[in-house]
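> Have a look at the structure that comes next, please.
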Amino acid sequence: MNRQPIGIFDSGVGGLTVAHAIKQILPGESIIYFGDTAHLPYGDKSEEAIRSYSKRITEFLLEHKAKVVLIACNSASASAFEYLKKEFENKVILIDVIDPVVDYLKTRKISRIGVIGTKRTISSGTYEKKLNEAIPSTTVVSLATPLLVPMIEEGFIFDDISNAIIRSYLSNETLSGIQALILGCTHYPIIKNQISKIFNFNVEVVDSARIVSIIVRDILDKNNLLNDSGIVNDQFFVSDYTPYFEKIAKMFFEGEINLHKSDIWSS
Ligand code: DGL
């Protein structure tokens, strides 16, 4: 089982930020990545829709022998994590991207935390609920920033358009006085630098990629699942082929990637 890949999924390129961090922390591990580009964005879908997409993707990853499944998407973590845990109880270890960030923030003394994310993640109130339970003394404020995912997926990243959109969102009154900002969407680390710049690098910008990768390493270690065979084979699947996905994946993984289109809903 140790040689089997780590299953990772997201609606599109966002989860690649997490996959990339996993490969840095666990270079000996293989990954199998599924980007549900046919249903992107998840952020404006209903909870029911996201649950059913997530369930089918998890089945697909298990059919491809994933040894653990990482939900590298906040919208799916907020809407489907508990549901998937019940559905796949005793079948696979599931890891989300929200709990590790909440646990990390427990170790920090921050009195006002901001969260930005998709409409689905923010309206679920998951971050507020979990942070309020974990650190009752902290005030949590949140803001949906729905244009950021389509903007990133369309390749508007380091230009005037993206800077204007990011600035407009982050200057919202709600976020004033925050000491830390959680990037509650795995797409956002791609624009982390621009975000930090808007706060003059005075706000701690927290993204889940590295934090979650350390948790994955600990879980694999604890369960004797680390791959020590020296054989690594990464695979990438999308539900709809987009040249942009391939471009970003190649950027993250420096070179050719093994990308397949797999319409798992019609099979
Ligand atoms: N990257 C995802 C997230 O973390 C999904 C964004 C979307 O598809 O709307 O929420």
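> Could you let me know the centre-to-centre spacing of segment 176-211 and segment 71-92, using Cα atoms, in angstrom?
25
> If I model segment 1-50 as equal point scatterers sitting on the Cα atoms and use the Debye formula, what is log10 I(q)/I(0) at q = 0.27 Å⁻¹?
Ignoring solvent entirely, the Cα scatterers give -0.98.
> Using a Gaussian network model of the chain with C-alpha springs under 10 Å, which one of GLY255, GLY14, GLY43 is most mobile by mean-square fluctuation?
GLY255
> Say the dipole of the chain comes from +1 at the beta carbon of Lys and Arg and -1 at that of Asp and Glu; which of LEU84, ALA38, VAL101 then lies farthest toward its positive end?
Value: VAL101.
> What are the GluC sites (Glu not before Pro) within segment 1-110 that DSSP puts in a loop, where the Cβ has at most 11 other Cβ atoms within 10 Å?
Taking segment 1-110 and a limit of 11 other Cβ atoms within 10 Å, the loop GluC sites (Glu not before Pro) found are GLU89.
> While we're on this one: Quick one: if the Förster radius is 22 Å, what FRET efficiency do ASN233 and PHE88 give, using the C-beta to C-beta distance and rounding to 0.05?
So the FRET efficiency works out to roughly 0.40.
> Using all Cα-Cα distances in the chain, what percent lands in each 5 angstrom bin from 0 up to the longest?
Histogram of Cα-Cα distances, whole percents per bin: 1, 6, 14, 18, 20, 17, 13, 7, 3, 1, 0.
> Would you please give the residues with an amide H less than 5 Å from that of GLN235, counting only those at least 5 places away or on a separate chain, with H modeled from the backbone geometry?
So GLN235 has HN proximity to ILE31, ILE32, TYR33.
> Using only helices, what value at 222 nm comes out for the chain when you add -39,500 (n - 2.57) per DSSP H run of length 4 or more and divide by the total residues, to the nearest 500 deg cm²/dmol?
It comes out at -13000 deg cm²/dmol, rounded to the nearest 500.
> Determine ³J(HN,Hα), in whole Hz, for all residues of segment 207-219 in sequence, where each value follows from phi through the Karplus function 6.51 cos²θ - 1.76 cosθ + 1.60 and θ = phi - 60°; x replaces Gly and Pro.
10, 7, 3, 6, 4, 5, 4, 5, 5, 4, 4, 5, 5
> Here is a follow-up. What is segment 168-267 by shape, rounded, prolate or oblate, if you read a ≥ b ≥ c off the alpha carbon gyration tensor as root eigenvalues and call it rounded for a/c under 1.5, prolate for a/b larger than b/c, and oblate otherwise?
Oblate shape, in that a/c is at least 1.5 and b/c is the bigger or equal ratio.
> If you plug each phi of segment 118-123 into the Karplus form 6.51 cos²θ - 1.76 cosθ + 1.60 with θ = phi - 60°, what whole-Hz ³J(HN,Hα) values come out, in order, with x for Gly and Pro?
Whole-Hz 3J(HN,Hα) from phi for segment 118-123: 6, 4, 5, 5, 5, 5.
> What nm value, rounded to one decimal, do you get for the distance between SER176 and HIS64 when each label is placed 7 Å out toward the C-beta?
Simple spin-label model gives 4.8 nm for this pair.
> First check a/c for segment 131-216, with a ≥ b ≥ c the square roots of the eigenvalues of its C-alpha gyration tensor; if it is under 1.5, answer rounded, and if not, answer prolate when a/b is larger than b/c or oblate otherwise.
Oblate, since a/c reaches 1.5 and b/c is not below a/b.
> Eigenvalues of the Cα gyration tensor times 5, then square-rooted: what semi-axes does that give for segment 80-138, in whole angstrom, largest first?
24, 14, 9
> Below 15 angstrom from the Cβ of THR242, what's the summed charge of the other residues (Lys, Arg +1; Asp, Glu -1)?
-4
> Shifting gears a bit: Past 31 Å, Cα to Cα: identify those pairs from LYS222/LYS261; LYS109/LYS247; LYS67/LYS250, in the order given.
LYS222/LYS261; LYS109/LYS247
> Test of understanding: extend the Cα→C-beta vector of ARG112 to 7 Å, then name every residue of segment 169-201 with backbone N under 11 Å from that spot.
From segment 169-201, the list is 173-180.
> What is the P(r) of segment 50-149, as percent of Cα-Cα pairs per 10 Å bin from 0?
15, 43, 30, 12, 1
> Give the average over all directions of the projected area of the C-alpha convex hull of segment 93-176, one decimal, in nm².
6.8
> Please compute the net charge surrounding VAL149, taking Lys and Arg as +1 and Asp and Glu as -1 over other residues with Cβ under 14 Å from its Cβ.
-2
> Multiplying the sequence separation of LYS247 and ASN193 by 0.36 nm and subtracting their Cα-Cα distance, what value in nm do you get?
17.4 nm
A short reminder: the numbers here are calculations on the coordinates, not readings from a lab. Values in this document were obtained by computation on a predicted structure and should not be read as measured data. For neighbour counting, all protein chains shown are included, and Cβ atoms are generated from backbone atoms with ideal geometry for every residue, glycine included.
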